[in-house]
Amino acid sequence: MSAFEISIRPFGVHAILIEWPSQVEEVILDDILRFTRYLNEASLKDENWEVVPAYNSVTLIQREYPIDFNEFEIKLKKWYGEAKEMATHKKYLWRLPVCYDSEFAIDLPEVASYLNLSESEVIQLHTSHIYTLYCIGFLPGFMYLGGLPKDLEIPRRPQPRGRVLKGAVGLAGKQTGIYPQQSPGGWNIIGNCSVPMFDPKKEEPCFISVGDKVQFYSIEKAEYDLHKIEGEVGIYKLEKIELDA
Amino acid sequence: MLKVLKAGLFTTIQDQGRYGFLNKGVPVAGYMDTFSATKINALLENKKEDAVMEMTMTGPTLQFERATFIAIGGANISATLNNNEVANYKVLKIGKGDILSFGKLESGFRGYLAVKNGFQAPIVLGSRSFFSSITKKNHLQDRDVVDYIETAVFNPKITELRLDSFLGENLLKVSAGPEYELLNDKQLEWLFSKEFTVSNENNRMAYQLEEKIPGHEISMLTSATLPGTVQLTPSGKIMVLMKDGQTTGGYPRILQLSDKAISIMAQKKYGDKVRFKLK
């Protein structure tokens, strides 16, 4: 049931931006993904289209030729109407292992004291909530997750670090996430995920898609080390649960 | 094999770019100056997906170990083949052991070298374009080797292109970006009346400009960005995203460069001036 007022605008000559109301809402994300699925499966099968969903928007990028915007806008409106017949895309809940050991959780003591919680309460809160993936960007495989409990909201660090480890799990503002590769970063680091979020050696380098859900679970250092070895030889197993549409 | 005797400042292999993974946060990459790179590929009658070498300011010194044909283009970096000056946009015959080197930067910023049938750097996620965290190398280093296919005979339809150089152009043609309408009159006036200087913060990801325009307090949800997207930070700093730029961003996207303007920008270096002109 597509029921939103959408805006369709040109974004240069090679792209079109479609926007929904500017809110972080799951019903909006579901509507975007329903439409995205319709476009991918029905009308934009041509491989020269890239479809990038994020929060309240989807950007369609045509790599080969300039888009005739006026003509395409009419088609998109028609397709948006047709897409409401479509079921929502399949969603998965991914359970991701995180080691909250002090070796990785370099900011956990500070985070706990800022939030007036014990370290184990921070971990308990972080692992008990289910997060929604609203966008992938910034770095290959970097997740923008929504749904962080208010009790875990903490500002980003005043001075970003020059180097944050690959797999580092952080908190910043209303967000939590994983650094998919070593990079500079300003998030408060509370653990490390043993599963690579991006692996260029795989045909599908990033297993997760916008709209999926994430839940973290706590693992011991020994299990973390085992996952790491499994990851290197490419036999790590991911826990995923198919959710009802 | 092509032997990299000296790598130069920042030399990479680039093709049209890496598509199909933008929704997973993978930047397009690919040659920064599409205009120049595609011209030399065309001279060699290469396929459009064939990879070229991109060099930045200081070119490499290269030794060819097999016969082939090459063409160079983009920036003028005083190229010599076995110590004889060679011109841009001309098909050159290469013999075993020939040495191509580059000297003083005369104009532009990024030079290109195409070889018959393209450089055979490994294909990762559908592209040979170097990008850190995706490909093994993010730039070539001294003593690296790059593979290419031997070609003894080639009769080009055209042996030389005469192009009006665009390297001195500084007018960037743009269209309105998605958040253009949120700009106020003062910001618009500054944006289109001022000349902007390329800051030393410029690379394959983005070009920052030195002069600021009045800032803003616009807050928006993170959304897709493209090569050529011009972002405005709250403090009024202007950033032009380039080929390695991130796929999403949270700053207002005020302008979008035309394809040609991206090529013009790619040839600018620290201290060069640019202006924006709405199409």
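Rounded, prolate or oblate for the stretch A:91-243? Axes are the square roots of the Cα gyration tensor eigenvalues, ordered a ≥ b ≥ c, and the cut-off for rounded is a/c under 1.5.
Values: a/c = 1.43, a/b = 1.34, b/c = 1.06.
It comes out rounded by the Cα gyration axes.
How many angstrom lie between the C-alpha centres of the stretch B:182-248 and the stretch B:2-64? After rounding, the separation between the Cα centres reads 26 Å.
Applying a 10 Å radius around every beta-carbon, put B:145-157, A:5-17 in order of their mean neighbour count, most first.
Descending mean neighbour count gives A:5-17, B:145-157.
Other residues lying with their Cβ under 14 Å from the Cβ of residue B:94 contribute a combined charge of +3, Lys and Arg counting +1, Asp and Glu -1.
Once the Cα atoms are used to define both axes, helix B:34-43 deviates from the longest principal axis of chain B by about 20 degrees. Look at the stretch B:179-189: the mean tally of other chain Cβ atoms within 10 Å of its residues' Cβ atoms is 0.
Could you give the alpha-carbon Rg of the stretch A:38-112 over 2.2 N^0.38 Å, rounded to two decimals? Kindly include the intermediate steps, with their values, before the conclusion.
Working: Rg = 20.5 Å, N = 75, 2.2 N^0.38 = 11.3 Å.
The value comes to 1.80.
Taking every Cα-Cα distance in the protein assembly as shown and sorting them into 20 Å bins from zero, the calculated P(r) comes out as 21, 50, 27, 2 percent. Report the Stokes-Einstein translational diffusion coefficient (µm² s⁻¹, integer) for the stretch B:2-146, Rh taken as the Kirkwood radius over Cα pairs, at 10 °C with viscosity 1.306 mPa s. Estimated via Stokes-Einstein, D reaches 106 µm²/s. For the stretch A:7-83, pairs of C-alpha atoms spaced more than 20 angstrom apart make up 24 percent of the total.
Given a cut-off of 26 Å, what percent of all Cα-Cα pairs of chain B lie beyond it?
Numbers: 16623 of 38781 pairs.
I get 43 percent for the Cα pairs in chain B exceeding 26 Å.
Against the empirical curve 2.2 N^0.38 Å, the C-alpha radius of gyration of the stretch A:175-235 lands at a ratio of 1.21. Calculated over the stretch A:1-140, the projected area of the Cα convex hull averaged across directions stands at 11.1 nm².
From its DSSP helices (H runs of at least four residues, each -39,500 (n - 2.57)), chain B gives a residue-normalised ellipticity at 222 nm of -2500 deg cm²/dmol. Here is the size of the stretch B:80-182 from its Cα atoms: Rg then Dmax, 18.4, 59 Å.
Pairs of Cα atoms in the stretch B:171-278 fall into 5 Å distance bins, from 0 up to the last occupied one, in shares of 2, 13, 26, 29, 20, 8, 1 percent. Among A:196, A:184, A:97, the residue with the largest mean-square fluctuation in a Gaussian network model of chain A, with springs joining Cα atoms closer than 10 Å, is A:184.
Residue by residue through A:6-18, how many Cβ atoms from other chains fall within 10 Å of the Cβ on average?
On the way: counts 0, 1, 0, 5, 5, 11, 16, 5, 6, 7, 0, 7, 0.
Average neighbour count from other chains, rounded to a whole number: 5.
Arrange A:169, A:164, B:86 by Cβ neighbour counts within 10 Å, fewest through most, would you? Write down the numbers at each step before the final one.
Working: A:169 24, A:164 19, B:86 15.
Placing the least packed residue first, the sequence is B:86, A:164, A:169.
Could you grab the relative contact order for the stretch B:128-279? Cα pairs under 8 Å, six or more apart, rounded to a whole percent.
Working: 264 pairs, mean separation 45.9, N = 152.
Answer for the stretch B:128-279 is 30 percent.
Would you mind ranking A:144, A:65 so that the residue whose beta carbon has the fewest other beta carbons within 10 Å leads the list? Could you put the intermediate results ahead of the total?
Working: A:144 24, A:65 9.
Starting with the residue having the fewest Cβ neighbours, the order is A:65, A:144.
Residues A:38, B:31, A:236 in ascending order of nearby Cβ atoms (within 10 Å, fewest first): A:236, A:38, B:31. The stretch A:156-190 and the stretch A:20-99 have their alpha-carbon centroids 29 Å apart.
Hey, got the average number of other protein chain Cβ atoms within 10 angstrom for residues in B:221-233? Display every interim value, and only then the final one.
Working: counts 12, 9, 14, 15, 6, 9, 2, 3, 3, 0, 0, 0, 0.
Taking the mean over all residues of the peptide, I get 6.
Near residue A:14, once Lys and Arg are set to +1 and Asp and Glu to -1 for all other residues with Cβ below 9 Å from its Cβ, the sum equals -1.
Coordinate-derived values only; no laboratory data. Predicted model only: the values in this text are computed from it and were never measured. Every residue, glycine among them, receives a Cβ derived from its backbone with ideal geometry; neighbour counts consider all protein chains shown.
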